[in-house]
Amino acid sequence: MTSSATLHRRRSASRRWRRALPFVAPFLVLFVVVYLIPTVYAIAQSLFATKRSGLGLGAADVQFVGIGNYLRAFQDPGFLASLWRVLFIGVIQVPVMLALALLFALLLDAAVSTGKRFFRLAYFVPYGLPGVIAALVWSFLYAPTLSPVVQAFHAIGIDISFVTDAALPFSIANILTWAWTGYNMILLYAALQAIPPEVMEAAALDGCSGWRAALRIKVPLIRPAMLLSLVFSIIGTSQLYNEPVTMKTIAPNLPSDYTPIMAAMKWLSSNDFNYAATLSVIVGAIVCVLSVFVFRASAKRVDA
């Protein structure tokens with residue numbers, strides 16, 4: 001009897017898989033072609049290096065170097081500096097952006113809010129602009145000779161610059177916050193809309209309303225959406241490229257390897273494909289580790 005029941009369950013599971021396969025197959029194909037194969041190829045390329053005989057004028061010879069490129073990367077001051085810059089920008093920008101997104105989402109979800117459609121669109125419009133366009137707009141506002149903000153400060157005797165080495169991380173963080181707050185706000189607002197009305201009605205009957213209800217009831221209930229926004233923000237910050245590249249036109253002091261992706265592109269343009277692949281693999285590994293850490297930390301907090 002037990003064997004028959006087990007066989008029946010296996011057949012049922014097999015039928016479910018066959019029915020689901022046509023729906024899952026397009027995603028699996030795209031995942032393998034767009035993500036898995038390039039990742040495996042990059043890892044394979046990172047284990048090789050192109051050597052040239054003589055003074056570098058001889059024929060190219062691709063040699064297996066194992067972890068040699070990885071050792072080189074962690075001894076590369078330019079790449080290490082780019083990692084620290086992105087980490088610094090992320091530590092500044094991500095908490096501020098998520099806090100603003102949560103605040104706007106709570107304001108839109110409040111029962112007494114008016115003009116919800118207008119403000120929802122107004123908050124989301126910056127995300128609708130391509131990243132390069134947003135960077136160009138802010139570059140105009142940052143440019144020392146063109147910025148009306150800089151000229152206004154000069155008019156009252158204050159010398160200010162948004163493109164010094166010390167100011168660049170904050171200037172870039174401001175662009176990211178302006179561009180991505182609306183996107184994260186929509187995610188959190190959608191999660192707030194999914195909260196059953198009965199929950200908030202019961203809270204109101206118990207005397208919990210307003211900001212007290214928002215912080216003690218709504219925020220805990222949308223923690224999964226907040227976690228998803230946090231992971232997306234970590235991934236997005238690690239891929240920082242458009243904003244600093246665009247700002248090079250107004251900030252000549254911005255190095256070509258300002259971020260890890262820019263460093264990889266620099267070596268790619270120098271035809272050192274293997275080292276560029278190595279830097280890409282390292283960035284991907286760091287993002288995976290941070291994402292797993294965030295999920296594990298959140299799971300432990302829930303269990304506690």
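The values are calculated or read from the model by the stated rules, or taken from the named source; none is laboratory data. The model shown is predicted, which means the values in this text are computed figures rather than measured ones. So basically every Cβ, Gly included, is an ideal-geometry build from the backbone, and we count neighbours across all protein chains shown.
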### Task
Would you please name the residue that is surrounded by the fewest Cβ atoms within 10 Å (Cβ to Cβ), looking only at residues in the range 146-173 that are without any contact (Cβ under 8 Å) to a residue 60 or more places away in the chain and polar (S, T, N, Q)?
GLN151
### Query
at pLDDT 90 or above, hydrophobic (A, V, I, L, M, F, W, C), surrounded by 14 or more Cβ atoms within 10 Å (Cβ to Cβ) and within 25 Å of ILE67 (Cα to Cα): does that describe VAL245?
no
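Among the listed residues VAL283, VAL287, identify the single one that is among the hydrophobic types (A, V, I, L, M, F, W, C), in a helix (DSSP H, G or I) and surrounded by 20 or more Cβ atoms within 10 Å (Cβ to Cβ).
Working: VAL287 fails: surrounded by 20 or more Cβ atoms within 10 Å (Cβ to Cβ).
The match here is VAL283.
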### Message
When the residues of the range 93-122 are narrowed to those that are surrounded by 12 or more Cβ atoms within 10 Å (Cβ to Cβ) and of a type in the set (Val, Ile, Thr), which ends up nearest to GLN239 (Cα to Cα)?
### Response
VAL94
### Query
Could you count how many residues in the range 206-245 are in a loop (DSSP other than H, G, I, E, B) and in contact with a Ser or Thr (Cβ under 9 Å, 6 or more places away or on another chain)?
3
### Message
Being closer than 30 Å to GLN63 by Cβ, modelled with pLDDT of 90 or more and in contact with a helix residue (DSSP H, G or I) (Cβ under 8 Å, 6 or more places away or on another chain): is that true of ALA191 here?
### Response
no
